[in-house]
Amino acid sequence: MIPTAVPPIIPDAQTADSFSILYREDNLIKQLDGESKEAEVILDTFATTSLYLANRSHGIGWYEWGSLSPDSKKLALVLSTVPELHLPSQDTPSFSIYIFDLDTRELTFLVEDAIEPVWSPDGTKIAYRRQIPEQDGGISSGLWLFDLVAATTHEIYSVEQNAGRYVTQYSWSPDSKAIVTLDIIAQSSVKLVVVPISNATPPTTIIPETTEDLFSPQWSPDGSQIAFVTTQSKQPTSQKIANIWVTTPDGSQIRQLTQNIFVTGGQPTWSSDGQWLAFAGAALFESNEPTTEIWLVKADGSHIKRLTAESNNKLNVLMPIWSPNNSIIVFSKEQTELWVYQLATGDQRQIGLATLGFIIKAKEVK
């Protein structure tokens, strides 16, 4: 068995951080203070708008129900006209993006026929996927941008209007000038594409169309690398094993960072200094049914560290996210328990209950 790392896990890790956690529970959005187990309801979307907070039944992923603005003051939310997707055909949903002000608690409409909002790092734009209701054709028109300064919207990457083609899981470059996205044909193939915000430069395909699994692209904070997860392998294998890879934004240099750890249970996340990636994964060859644990891997692949090793071999540890100053990893146990791991000391404790897809919100320093 691979042993857990001896603290301090990363050099110069601080012993405290100040943050809150935002998560959804049905149509409620709750806020949990980092030092309290009592969550506060900050929004009931149905009571406010008679609309439902989009959920997994709508095909909305764990991370896709909302996006926090870079200044931690607003949430872009996906709201639906119906509570569940599995309803009679006459009740097929339409989706809209709304903006929720975390200070004033005001909810305002932004754009219709839209899902999967992702805020630009400079706070001036929101990327989203346009989604037309089934009764109006049910097509996705690719990747769109809403300019919050000009209050205009336009498409920056179109997809062929054929069977099941769509963009998803996109990530902004730190300078807000480009987006990396998956271009998927459902149940068929996927490719990884970098899309410039300016129409002056055409999109660049980083990973050509493949039938291998490919997901969770994440641009590094310094803009030099894009991390992603794929089952592609340097050597042929009978077993599909998802590993973390990194590539330069132009696709000229691609490296594999992990091996023999099946990466699953949430997208890998960069530390804010770009030195480490936190991820959930199961160590292969430890048992017939390995559990998912929390790991760190150095961005250059030189070190990999195991943070957790559950004694209950049926308990999965999922979705690690860094606190704002990189001193704490917040993660979930079995989709319901919210835990924190102190990187300076190795201490871990439960801080509350929360659904998957939680968001870390930095507290304002006064």
Worksheet item: Before we move on, is S18 touching a Leu at 6+ places or on another chain (Cβ under 9 Å), among the polar types (S, T, N, Q) and closer than 20 Å to V330 by Cα?
Response: no
Discussion item. Scan region 271-279 and tell me whether some residue there is touching a Ser or Thr at 6+ places or on another chain (Cβ under 8 Å), modelled with pLDDT of 95 or more and not in a strand (DSSP E or B).
Written reply: yes
Practice prompt. Quickly run through region 1-43 and pick out the residues that are under 26 Å from E310 (Cα atoms), under 21 Å from the mean Cα position of the chain (by Cα) and part of a loop (DSSP other than H, G, I, E, B).
Written response: G34
Response to the item:
Okay, strands (runs of 3 or more DSSP E) sitting entirely in region 180-245 with 2 or more residues that are more than 21 Å from the chain's Cα centre (by Cα), I get 204-210
Worksheet item: Of N326, N312, which residue is surrounded by fewer than 21 Cβ atoms within 10 Å (Cβ to Cβ) and at pLDDT 90 or above?
Response: N326
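Taking only region 44-58 into account, find how many residues are in a loop (DSSP other than H, G, I, E, B) and surrounded by fewer than 16 Cβ atoms within 10 Å (Cβ to Cβ).
The first filter runs over region 44-58 and keeps only residues in a loop (DSSP other than H, G, I, E, B), leaving 50-51, 54-55.
Now drop any that are not surrounded by fewer than 16 Cβ atoms within 10 Å (Cβ to Cβ), which leaves 50.
Residues flagged as in a loop (DSSP other than H, G, I, E, B) and surrounded by fewer than 16 Cβ atoms within 10 Å (Cβ to Cβ) within region 44-58 amount to 1.
The values are calculated or read from the model by the stated rules, or taken from the named source; none is laboratory data. No experiment lies behind these values; they were computed from the predicted model shown. All Cβ positions, even for glycine, are placed from backbone atoms using ideal geometry, and neighbour counts span all protein chains on display.
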